[in-house]
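The structure's right below; bear with me while I get my questions together.
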Amino acid sequence: MPQDYRRRCLAKIHIAKKELGLSDEEYRALIDSTIAGRTSAADLDEAELRHLLDRLQALGWRPRLPRSGDRPLPATVWKARGLWLRLHQLGAVRDPRWTALARFAKRMTGIADLRQLNGQQATIVIEALKGWLERTENRSR
């Protein structure tokens with residue numbers, strides 16, 4: 001197994017542990033329940049690491065979108081992000097992360113990567129968010 005792949009898997013697992021708010025005891029119990037007899041991710045082989053990552057995702061963890069330094073995010077994506085964060089402030093959205101917005105956009109357009117939305121698709125997402133925001137604000141009045 002390439003060391004680079006193993007390092008990336010271990011890093012993702014530890015990020016997931018932190019983002020899910022697992023204590024060390026809960027984390028080790030999770031590993032043991034996923035791969036019997038193991039309590040440390042460092043002891044897992046490639047298939048077991050992948051299985052543990054799948055289990056963490058089943059518990060609600062989502063990896064972040066990879067960043068692209070060569071292509072900045074379009075203004076429409078930032079507009080959608082602003083609306084998403086406003087909905088989070090009002091309590092309509094539980095998860096303020098980029099990945100949650102990307103999942104919402106995928107449900108609306110079929111495109112998971114926000115950077116790949118064309119103008120029409122971005123407009124669909126923005127208009128849906130604006131409508132949601134308007135309904136949320138009307139309910140709170």
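What is the fewest-to-most order of 125, 77 by other Cβ atoms lying within 10 Å of their Cβ?
Values: 125 25, 77 20.
Result, fewest neighbours first: 77, 125.
Between residue 58 and residue 26, what is 0.36 nm times their sequence separation minus the Cα-Cα distance? Round to one decimal in nm. Please list the in-between numbers first.
On the way: separation 32, 0.36 × 32 = 11.52 nm, distance 1.56 nm.
That works out to 10.0 nm of additional length.
Quick one: what do you get for segment 3-58 if you divide its Cα Rg by 2.2 N^0.38 Å? If you can, show how the numbers build up before the last one.
Details: Rg = 10.1 Å, N = 56, 2.2 N^0.38 = 10.2 Å.
Output field value: 1.00.
For residue 3 and residue 50 in one chain, what is 0.36 nm times their gap in residues minus the Cα-Cα distance, to one decimal in nm? Before the final figure, lay out the partial values.
Values: separation 47, 0.36 × 47 = 16.92 nm, distance 1.43 nm.
This chain segment gains 15.5 nm when fully extended.
Going by alpha carbons, how many degrees (0 to 90, nearest 10) lie between the helix axis of 46-58 and the longest principal axis of the chain?
Roughly 40 degrees, rounded to the nearest 10.
Moving on to the next point. Report, to the nearest 10°, how far helix 119-139 tilts away from the longest principal axis of the Cα atoms in the chain, using its own Cα long axis and a range of 0 to 90°.
80
Select one label from (1) 11, 32, 26, 21, 9, 1; (2) 12, 42, 34, 11, 1; (3) 11, 40, 33, 15, 1: the one whose number is P(r) over Cα pairs in 10 Å bins from 0, in percent as derived from the coordinates shown.
(1)
Every read-out reported here was derived from the displayed coordinates using simple, explicitly stated rules and does not represent laboratory data. It should be emphasised that the depicted structure is a prediction, and the values quoted were computed from it without experimental measurement. Note: ideal-geometry Cβ built from the backbone for every residue, glycine included; neighbour counts use all protein chains shown.
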